[in-house]
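Q: Before we start, here is the structure in question, set down as structure tokens.
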Amino acid sequence: MSGSLKARIKSVSLIFACGTALFSDGYANGIIGSVNTLLKRIYGADVVAAHNYGTTLSSLAFAGTIVGMLLFGYISDKIGRKFGMMTATGIVALFSGLSAASSGANGSVGGLLSMLSAMRFLLGIGVGAEYPCGSVSASEQSEEPGINKKAQHRWFALATNNMIDFGFVVAAFVPLVLYWIFGDNHLRAVWRLSLGLGVVPALLVFLWRLNMDEPVRYKKDSMKKARIPYVLILKRYGSSLAAISFTWFLYDFIVYPFGIYSSTIVDNITGDTKSLTVIFGWNVVINLFYMPGALVGAFVVDYLGPKYTMITGLLLQAVIGFFMSGFYVQLTKHIAGFAVVYGIFLSFGEFGPGNNLGLLASKTSPTAIRGQFYGAAAAIGKVGAFVGTWAFGGSTTVRGNTGPFWVGSGLAVLSAIVTFLFINPLTQDGMEREDRAFREYLEANGYDTSQMGIGEETVVEAEEAVVEKTGSEEKA
């Protein structure tokens, strides 16, 4: 194997080491829908419905995620990307295990559900931390030496959003396999193991990250040791942050409730069948449709660009959503047709905003405040997910089940319009250019940029690495 090929493989592997932990986001958010179905079968729907536990379990994880995004956005910028990533995976591993071990005093079901809710909140903090730490690091690694300029966006999408979607798929499949193993008489083992297995990927990623270093861009342009001029930053990036945050809010408002409640919707359209094999099986089929859109979108984004790939996905998703709303009654009479059309709806969402919101959030902002910019935008997105789980959850009527598709499709069109009007397109090596422009902007406004970076030696090394990258690309 040639040295250049080894360098490329190492560069790509670093992107995945940063982004792969987002698998835990997809798994944690996807698994709770099936767990709720199991809890209702074990303890009774009336008991679980008391105090609205079903929606509470789903939405508290989002609340924790928001805390994690905002807190670790600051930690990512001021302490370091690696510290944030290692802490995040540790939190996910710990509280995935404790979620599985949830129990109430003297066997109280209410106590069990309360502990599970609390553990889901704390788990959400770790999941949220991955966005401004792991995802941001993945974006910075995507522009380091060894990465083909025409594949920078692709590797980021494959290492981040595709990992989230793969987590959704695995989260749908795991309860089905465990149910095959344990059967109806051991459903408690099924839901506990479904949650507990979330420990495994978190620990594997923790080990993978042990020998990582900070990205070159962070070493050169961070404000770890400098005062962050928030007023100047808001003047330059406030409008971009608002536009990206708004579209992220709309995306999560649409996609997360549909993913979480897919098993509930299938339960409704299969006539409230008692067969968990049927419910979980169709849930797997539906969640598999996340992957084609995410994978195809990852290979399209470097050609259309993140902005126009996102707009394309949103408009196609809206078309499918309106179709599902108009023909819902007919589709529910043909479960296979419903699953396919519903899956295509989810797939276009991943092709567009799923793959590209993270790209736009991370590569629109400068390195110095990238973690906080990304964390704020993603947190506002999760507010949309939080609101969506309460707005759309638990309906058993035709109007209640079609409403989300009418609303979601309309919001997808609105999001496409906002993206077209207010979000700038990205280019290859855009972060490097943005960092230079940001320094010039700060200097023009009297800010001392000499304190940026994490040390004179590392800045020199970073500059040499960029020069080496440029020279090798010119030779190629």
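Q: Name every residue in the range 316-332 that is assigned to a helix (DSSP H, G or I) and either surrounded by fewer than 17 Cβ atoms within 10 Å (Cβ to Cβ) or acidic (Asp, Glu) (or both), in order of residue number.
A: Val319, Phe323, Gly326, Val329, Gln330
Q: In addition: So, Val300, is that one modelled with pLDDT of 90 or more, β-branched (Val, Ile, Thr), under 19 Å from Trp155 (Cβ atoms) and assigned to a helix (DSSP H, G or I) or not?
A: Taking the combined requirement at face value, the residue satisfies it.
Q: Given the options Ile279, Ile269, Ile311, Ile265, name the one that is buried (at least 19 other Cβ atoms within 10 Å of the Cβ) and modelled with pLDDT of 85 or more.
A: Within the list Ile279, Ile269, Ile311, Ile265, the selection yields Ile311.
The rows are residues; the columns are (1) within 20 Å of Arg120 (Cα to Cα); (2) touching a Ser or Thr at 6+ places or on another chain (Cβ under 9 Å).
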{"site": "Val174", "(1), (2)": "yes, yes"}
{"site": "Trp191", "(1), (2)": "yes, yes"}
{"site": "Gly196", "(1), (2)": "yes, yes"}
{"site": "Glu214", "(1), (2)": "no, yes"}
{"site": "Lys225", "(1), (2)": "no, no"}
{"site": "Leu232", "(1), (2)": "no, no"}
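Q: Kindly indicate which of Val413, Val418, Val383 is of a type outside the set (S, T, N, Q), over 17 Å from Phe338 (Cα atoms) and modelled with pLDDT under 90.
A: From the options Val413, Val418, Val383, the qualifying one is Val383.
Q: Among the residues of the range 328-350, count how many are of a type in the set (S, T, N, Q) and in contact (Cβ under 8 Å) with a residue 40 or more places away in the chain.
A: Of the residues in the range 328-350, 2 are of a type in the set (S, T, N, Q) and in contact (Cβ under 8 Å) with a residue 40 or more places away in the chain.
Q: Further, regarding this structure: Inspect the range 396-409 for any residue being at pLDDT 85 or above and of a type outside the set (Asp, Glu) and give the result as yes or no.
A: yes
Q: Restricting to the range 19-70, count the residues that are β-branched (Val, Ile, Thr) and either under 25 Å from Asn162 (Cα atoms) or without any contact (Cβ under 8 Å) to a residue 60 or more places away in the chain (or both).
A: 7
Residues checked against (1) touching a Phe, Trp or Tyr at 6+ places or on another chain (Cβ under 7 Å); (2) closer than 13 Å to Phe23 by Cβ:
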{"position": "Ala101", "(1), (2)": "no, no"}
{"position": "Ala105", "(1), (2)": "no, no"}
{"position": "Val109", "(1), (2)": "yes, no"}
{"position": "Ser114", "(1), (2)": "no, no"}
{"position": "Pro145", "(1), (2)": "no, no"}
{"position": "Phe156", "(1), (2)": "no, no"}
{"position": "Ala159", "(1), (2)": "yes, yes"}
{"position": "Leu176", "(1), (2)": "yes, no"}
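Q: In the range 94-143, which residue that is touching a residue at least 60 places away in the same chain (Cβ under 8 Å) and of a type in the set (Phe, Trp, Tyr) is surrounded by the fewest Cβ atoms within 10 Å (Cβ to Cβ)?
A: Filtering the range 94-143 for residues that are touching a residue at least 60 places away in the same chain (Cβ under 8 Å) and of a type in the set (Phe, Trp, Tyr), the one surrounded by the fewest Cβ atoms within 10 Å (Cβ to Cβ) comes out as Phe121.
Q: Oh, and also: Which members of the range 49-60 meet the condition of being aliphatic (A, V, I, L, M) and modelled with pLDDT under 75?
A: Scanning the range 49-60 gives a single hit, Leu57.
Q: Touching a residue at least 12 places away in the same chain (Cβ under 8 Å), over 18 Å from Leu250 (Cβ atoms) and surrounded by 21 or more Cβ atoms within 10 Å (Cβ to Cβ): does that describe Asn356?
A: no
The values are calculated or read from the model by the stated rules, or taken from the named source; none is laboratory data. For clarity, every value in this text was computed on a predicted model and none was experimentally measured. Positions of Cβ are backbone-derived with ideal geometry, glycine not excepted, and every protein chain shown enters the neighbour counts.
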